[in-house]
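K.L.:
Got a structure here, written out as structure tokens. Questions coming.
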Amino acid sequence: TIHYAFGAATGTVYGAAAASLPWVARGAGAPAGLALYALTHGTALPALEIQEPPWDLPRSAVLWEAASHVVFGLTLEVSRRVVERVLP
């Protein structure tokens, strides 16, 4: 529940930021997704002792988490562009 609620909140913030600051949407949202990974799984979660830091995890886990956050960023940007076209 926390993960999805945080994702929804982050997506909302991303949408608002990308609408007013075009540089946020560069890279079709992929850099934003990677930044989200770095800020959460890469720093905050290890600092809170919720998850091991990336250097202590198997490479496959780090790759999976980072890639899934990049896909999240791409999905946010594609969705934002679709909504922007449908609801100008």
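K.L.:
Rank by packing, highest mean first: peptides 44-55, 8-19, 64-75, 29-40, with packing defined as the count of other Cβ atoms within 10 Å averaged across residues. Walk me through the numbers before you get to the answer.
P.N.:
Values: 44-55: 12.7, 8-19: 15.1, 64-75: 17.2, 29-40: 19.2.
Answer by packing, highest mean first, reads 29-40, 64-75, 8-19, 44-55.
K.L.:
Please compute the length gained on full extension between ALA47 and VAL71, using 0.36 nm multiplied by the number of residues separating them and subtracting their Cα-Cα distance.
P.N.:
Working: separation 24, 0.36 × 24 = 8.64 nm, distance 2.45 nm.
Contour length minus the Cα-Cα distance gives 6.2 nm.
K.L.:
Only four residue types carry charge here, +1 at the Cβ of Lys and Arg and -1 at the Cβ of Asp and Glu. Report the dipole size of the chain about the Cα centre in Debye, rounded to the nearest 20. Walk me through the numbers before you get to the answer.
P.N.:
Values: 5 positive and 6 negative charges, 88 e Å.
Charge dipole, the chain, about its Cα centre: 420 debye, nearest 20.
A short reminder: the numbers here are calculations on the coordinates, not readings from a lab. Please read all numbers here as calculations on a predicted model, not as lab measurements. We place every Cβ from the backbone using ideal geometry, glycine too, and count neighbours over all the protein chains shown.
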